[in-house]
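This report concerns only the one structure given below.
Any read-out appearing in this document is the output of simple, stated calculations on the displayed coordinates, not a laboratory observation. Computed from a predicted model, the values in this text were never measured in an experiment. FYI the Cβ positions are ideal-geometry reconstructions off the backbone, even for glycines, and counts take in every protein chain you see.
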There are 2 protein chains.
Amino acid sequence: MNRSRRPARLTHHPPIPVYYRLQELVLKEIESGKLQPGSMIPTERQLVESYGVSIGTVKKAILNLVHQGFLYRIQGKGTFVTGTTLRRESLRYYRLLESFDGIESNLAVKPLQLKRVPGFHPASRLLGIRADQPLFELKRIFLLEGSPVVYSISYLPQNLFKRLDEYPSDEFEKKPLYAAIEEKYGLPTISNRELISAAFPSREAAEALGIPKTVPVLYMEMLAFTYRKRPYEYRRAYCLTAERKVFREY
Amino acid sequence: MNRSRRPARLTHHPPIPVYYRLQELVLKEIESGKLQPGSMIPTERQLVESYGVSIGTVKKAILNLVHQGFLYRIQGKGTFVTGTTLRRESLRYYRLLESFDGIESNLAVKPLQLKRVPGFHPASRLLGIRADQPLFELKRIFLLEGSPVVYSISYLPQNLFKRLDEYPSDEFEKKPLYAAIEEKYGLPTISNRELISAAFPSREAAEALGIPKTVPVLYMEMLAFTYRKRPYEYRRAYCLTAERKVFREY
DNA sequence: GCTCATTTGTTCGTATGTATC
DNA sequence: TGATACATACGAACAAATGAG
C-alpha cells in the first residue's frame, strides 16, 4: 500500500481547482526563495508523480505561471524561474528619448554615497516598516554622454538588505540596482509605481545636476515591489528633460 | 482514432501550429470589425465543427486571446470581444494623487473646441498618414474640483473619424474620449506611449490653466494605439502638478 | 555528425462539473 | 428544469528541441 506513503497529495476538493492549488504551491516555493530566479523547477513528469495529478493538470498550472511571468520554459530543457530581467523593458525607470521615433539613450550610473539613515516619513510607511527601523540611503547620478541628467536617492529597508554597505560600490556602476538586488538577495522586481510632477530642483539636486534652481525638472517618486506586492525600495529622483524626455509605454 | 480520414479545414501544416492559426483568424475578425467589442464569438462547439479541430485546440486558441486581453469568457454564457473598458485602469491618461496612499481624484472634462486643421509635423508622421491629410483638433480642459489641472490638445486623422464634428459635443463631457471613439467607430484603445518632460506652459496653456507662465508644468506627448499598434490619436497635454501628481503603475 | 534520453510542445479526445438563462 | 456554454480533469500519442556521449 504505497498509498499511505504518497507525498503531499492534491485530493479532489471541489471549490478550489487542483491546477490552481498546484500553481499556488509552486508560486510559494518561488516567493519563499526555495526556488531561486534562474533555477529549474521539477519536470512535468516529476510533478505528475509527486502530486498524483494528470499531465494536463500540471501543464495548466505551469502555463498559468508562465503567462503570469513567474516562469519560462525552454523546449527540451525545462521550466525555469523568471528573474527581473525578462520584464526589464517595462520596469526601467529612466528611458530617455528625444522624440517618439528617436533612439533610446543609454545611461551610465555613478554611485555617490551609500549610508545608513534613520527611518522617516513617508519612506517608512510606504516601505511597510516601523518608523524606528533604519534605512539605507543610496544616492546616484545618471549620466548621458558624460553630463548628468538624473539625480536619484533610494531608500531601502536595512532588515531586507543586510550588509548592503559591504557590497563593492563599483558593482552599482556595472549593473542596475534591481539587478544587483536580485542577484545578491534573490528579490526580483515585479512591479512599480510612480508619482510624477514638474518642479524646481532642490538645492542638492540642482548642484548634483549642475543646473540653476530656476530650471524645471521632473520630480519622480517611485516605489518598487517584489513578490506579493511587497515594497522594497522608495526612490526620489530629479530628471532633467531639456533634450530628452521620459518615455513610458503601456 | 481514425487518423487516415482528416476533415480538411485547418490541415496539419507543421511549422505553424493549428491553435495559432485559429487564434490569428479570430483576431483578424476582431480587428477588421466583423466581431464588434462586446459581441459574442462562436461557441467552442461551433468552432470545433467549422474548422474541424479538437475541442482542446479550440480552447487553447481562445484562452490565448483571453490572456492577451482580446476576449473574455463567462461560464454558461459565452466568449465575448473585449472593449477598451476592461483595460481602463492601465490606460487612463490622467490619474492624479496627492501621495502613494492618497485617494484618486475624479476629473471632469470640458471640451473647448473641435475643428479641422491641416496635417503638420510631427503629428502626421506619428499617426502614420500623409502630411497633406487633414486632422481633427480637439482641445479640452480637465477640471479637479472646479479648477483646471490639465489642458489637452488631441489630433485625430480625419479619414479614420469621419463626421466626428457632427458628434454632439456634450457627449465628450460625459465620457472619456477613448470611450466615445470605441462606441462610435469600434476602435478600442489597446496601448499607448508617452513622452514626459517638465517645462513652462505655453501662453495658450497658461491661460487655459489660469496660471502664470513661470509655474512649471508636466508636458506630456501621447500616442494612442488600437489593434496591431495602429496609431489613432496624438495628444499634447499640460498638467499642473502643484497639489496632485501623475500616478503611473507597471 | 549522429544517436539517444530527456523535456517541453501540439493535437487528439472523453467524461464530468458548474454557471446561465 | 432543460438546454447551452464554459471549466476541470483525465490521459494518449507524437513532434520538436536540447544536451550528452
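Here are some notes:
- When the alpha carbon gyration tensor of region B:1-156 is reduced to an equivalent ellipsoid, its three semi-axes come out at 44, 22, 13 angstrom, largest first.
- Within a straight-line Cα-Cα reach of under 14 Å, B:K184 can be paired with the following aspartates and glutamates, leaving aside sequence neighbours fewer than 8 residues apart in one chain: B:D165, B:E166, B:E171.
- Loop-resident sites, region A:53-147, for GluC sites (Glu not before Pro), counting at most 16 other Cβ within 10 Å (DSSP): A:E98, A:E104, A:E145
- Ascending list, in nanometres, of distances separating the A:G38 label from those of the other copies (7 Å, Cα toward Cβ): 5.1
- Sorted by Cβ density within 10 Å, fewest first, the residues B:V26, B:V53, A:V109: A:V109, B:V53, B:V26
- Sorted shortest first, the distances from the B:Q68 label point to those of the same residue in the other copies are 2.3 nm; each point sits 7 Å from Cα along Cα-to-Cβ.
- Comparing A:D132, A:D170, A:D101 in a Gaussian network model of chain A where C-alpha atoms under 10 Å apart are linked, the largest mean-square fluctuation is found at A:D101.
- Per residue of peptide B:213-222, the mean number of Cβ atoms on other chains within 10 Å of the residue Cβ is 4.
- Stokes-Einstein D (µm²/s) once Rh is taken as the Kirkwood radius of the protein assembly as shown over alpha-carbon pairs, at 10 °C in 1.306 mPa s: 61
- Within region A:18-81, the ratio Rg/Rh, alpha carbon atoms throughout and Rh by Kirkwood, equals 0.92.
- Using a 7 Å Cα-to-Cβ projection, B:D101 label spacings across copies, nm, ascending: 4.7
- Size estimate for region A:88-246 follows the Kirkwood approach: the inverse of mean 1/r over distinct Cα pairs works out to 16.3 Å.
- Neighbour counts of C-beta atoms inside 10 Å place B:T214, A:T241 in the sequence B:T214, A:T241, starting with the fewest.
- Taking amide H positions as modeled 1.01 Å from N, with prolines and chain starts lacking one, the residues under 5 Å from B:L71 and 5 or more places away or on another chain are B:V66, B:T82.
- Other protein chain Cβ atoms within 10 Å, averaged over every residue that makes up B:194-205: 6
- Least to most buried among B:L164, B:L135 (fewest other Cβ within 10 Å first): B:L164, B:L135
- Legend: calculated FRET efficiency, B:E171 to B:Q133, from the Cβ-Cβ distance at R0 = 25 Å, rounded to 0.05, equals 0.50.
- When chain A is treated as a GNM with alpha-carbon contacts under 10 Å, the residue of A:G83, A:G38, A:G56 showing the greatest mean-square fluctuation is A:G56.
- Between A:P118, A:P188, A:P37, the GNM of chain A built on Cα springs shorter than 10 angstrom shows A:P118 fluctuating the most.
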